[in-house]
Amino acid sequence: MKEAITYELLHVCKQTGARRGRIHTPHGDIETPVFMPVGTQATVKTMTPDELKNEIGAQIILANTYHLFLRPGMKVMEEAGGLHKFMNWNRPILTDSGGFQVFSLSSLRNITEEGVEFKSHLDGSRKFLSPEIVMQTENTIGSDIMMAFDECCPYPSTYDYTKRSMERTTRWAKRCKEAHKRPEEQGLFGIIQGGFYKDLRDRSLQDLIELDLPGYAIGGISVGEPKQEFLDILRYTAPKMPENKPRYLMGVGTPDYLIEAALAGIDMCDCVLPTRIARNGTAMTWSGKVVVRNATYEHDFTPLDRECDCYTCKNYTRAYLRHLVKTKEILGDRLLSIHNLYFLTKLMERVRIEIENDNLGNFRDEFYKKYGYTKE
């Protein structure tokens, strides 16, 4: 059977072991390592698809099964002909399974072997998701990459709880594979769980590898733990993931975490961070974080980032951006979102170049020095 998703390894950094690759999907190729903007509810906040493609250079975006399941619902999605047509996006899409949202947003959830009964965060109505329902939903959405339904443990969690959760996630992954109806058109990725217990991570990974899925993700980290614990599990798990398949680290979007992910051999990362902090008046720049709402920028008529050539930096000043943020004008959210998304896209483009030049370790050190980060 032809796989919907395949991975091509192009180069391994001699200095660090980081990977430069290419993921082939039904809606185009993805150069990796890559940052993937999040469009939870079928839109990356304030951005049009043309802006994402032409201004930002986004190769792939994410949408969320939980949110789309609740609204607009699958009847509308089916009538629209799938998510690509619904939102007018002709490049790859990845959908999260909704597992994280079920456990973080909904109340009064009841987890059983069959699935999860929960109250909608929108209106309190009772809903139910199982691996089979999630697969049916993601098949209707039509995403290129679809994530298996998993249980994400809170931090911290006991060993026994984490073990039971990890084992259930594996059983659900098997059910997801059995229920997946479009394997030649959509690739199903498994999610490695196990919290911060290395033996559970090992077992989760090995059990999922036996399912021979087209890709694998590390879930359950970057959930509030100290950075050193995050790095410890990342560096332990990522090198053990299959070399011939995409490696995805879920939910990271700060520059240091993205660089560390690439150093560990990760191919794909995603996060809501760039648009979320834009709405709070914060920008990521090549010289560090800039909180434009601060009074120090009231009379600053320089570009947001002198090293950036995005639409925002070419056309507007920090003083104007501060004015928009302080007056709560929507244009401020848009301009800062354009910049932050462009910055992370260009950062990963630079990471790919440094891997090809066998220089990612040196780049990391130089970047950290400018950004004020410390090596762990």
Just to check your reading of the model, which residue among Arg350, Arg318 is within 22 Å of the chain's Cα centre (by Cα), open to solvent by 40 Å² or more (accessible area, probe 1.4 Å), at pLDDT 95 or above and within 25 Å of Leu52 (Cβ to Cβ)? Arg350
Pair list, Cβ under 7 Å, 6 or more apart: segment 164-193 residue without any contact (Cβ under 8 Å) to a residue 40 or more places away in the chain, other residue open to solvent by 40 Å² or more (accessible area, probe 1.4 Å) and small (Gly, Ala, Ser): none
Does Cys313 count as part of a loop (DSSP other than H, G, I, E, B) and either touching a residue at least 24 places away in the same chain (Cβ under 8 Å) or under 29 Å from the mean Cα position of the chain (by Cα) (or both)? no
Subset of segment 292-310 (residues that are within 26 Å of the chain's Cα centre (by Cα) and of a type in the set (A, V, I, L, M)): Val292, Leu304
Candidates Ile93, Ile60, Ile111 - the one that is touching a residue at least 40 places away in the same chain (Cβ under 8 Å) and either closer than 17 Å to Ser165 by Cα or open to solvent by 10 Å² or more (accessible area, probe 1.4 Å) (or both): Ile111
Regarding segment 127-140, can at least one residue be identified that is free of Cβ contacts under 8 Å to residues at least 60 places away in the same chain, of a type in the set (A, V, I, L, M) and out of contact with any helix residue (DSSP H, G or I) (no Cβ under 9 Å at 6 or more places or on another chain)? no
If you check Pro49 against the conditions, is it modelled with pLDDT of 95 or more and either crowded, with 24+ Cβ neighbours inside 10 Å or among the hydrophobic types (A, V, I, L, M, F, W, C) (or both)? no
Out of segment 65-82, which residues are surrounded by fewer than 22 Cβ atoms within 10 Å (Cβ to Cβ) and either in contact with a Ser or Thr (Cβ under 9 Å, 6 or more places away or on another chain) or on the phi < 0 side of the Ramachandran plot (or both)? His67, Leu70, Arg71, Pro72, Met74, Lys75, Val76, Met77, Glu78, Glu79, Ala80, Gly82
Positions within segment 285-295 being on the phi < 0 side of the Ramachandran plot, surrounded by 12 or more Cβ atoms within 10 Å (Cβ to Cβ) and not in a loop (DSSP other than H, G, I, E, B), in sequence order: Thr285, Lys289, Val290, Val291
Test Ile277 against the stated conditions and say whether it is surrounded by 19 or more Cβ atoms within 10 Å (Cβ to Cβ), on the phi < 0 side of the Ramachandran plot, in a helix (DSSP H, G or I) and in contact with a helix residue (DSSP H, G or I) (Cβ under 6 Å, 6 or more places away or on another chain). no
Can Arg91 be described as among the basic types (Lys, Arg) and under 27 Å from Glu225 (Cα atoms)? no
May I ask you to verify whether Ala319 is among the small types (Gly, Ala, Ser), part of a strand (DSSP E or B) and in contact (Cβ under 8 Å) with a residue 12 or more places away in the chain? no
Going through segment 11-27 in order, the residues found to be closer than 16 Å to Glu354 by Cα, aliphatic (A, V, I, L, M) and open to solvent by less than 40 Å² (accessible area, probe 1.4 Å) are Ala18
Check segment 324-344 and report whether any residue there is in contact (Cβ under 8 Å) with a residue 24 or more places away in the chain, closer than 28 Å to Val252 by Cβ, open to solvent by 70 Å² or more (accessible area, probe 1.4 Å) and part of a helix (DSSP H, G or I). yes
Checklist (1) open to solvent by 70 Å² or more (accessible area, probe 1.4 Å); (2) within 21 Å of Asn54 (Cβ to Cβ); (3) among the β-branched types (Val, Ile, Thr) applied to Thr374, failing item: (2)
When Lys369 is evaluated against the numbered criteria (1) modelled with pLDDT under 95; (2) touching a Phe, Trp or Tyr at 6+ places or on another chain (Cβ under 9 Å), which criterion, by number, is the only one it fails? (2)
Just to be sure, is Pro303 under 23 Å from Glu366 (Cα atoms), surrounded by 19 or more Cβ atoms within 10 Å (Cβ to Cβ), modelled with pLDDT of 95 or more and not polar (S, T, N, Q)? yes
Among the numbered criteria (1) open to solvent by 40 Å² or more (accessible area, probe 1.4 Å); (2) touching a Ser or Thr at 6+ places or on another chain (Cβ under 8 Å), which single criterion is violated by Thr254? (2)
Looking only at residues that are in contact with a Pro (Cβ under 8 Å, 6 or more places away or on another chain) and assigned to a strand (DSSP E or B) in segment 262-274, which one is nearest to Lys240 (Cα to Cα)? Met268
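The values are calculated or read from the model by the stated rules, or taken from the named source; none is laboratory data. For clarity, every value in this text was computed on a predicted model and none was experimentally measured. In this analysis, Cβ positions are derived from the backbone assuming ideal geometry, glycine residues included, and neighbour counts consider all displayed protein chains. Calculation scope for accessible area: heavy atoms of the full protein, side chains included, ligands and nucleic acids excluded. Shrake-Rupley method; radii C 1.70, N 1.55, O 1.52, S 1.80 Å.
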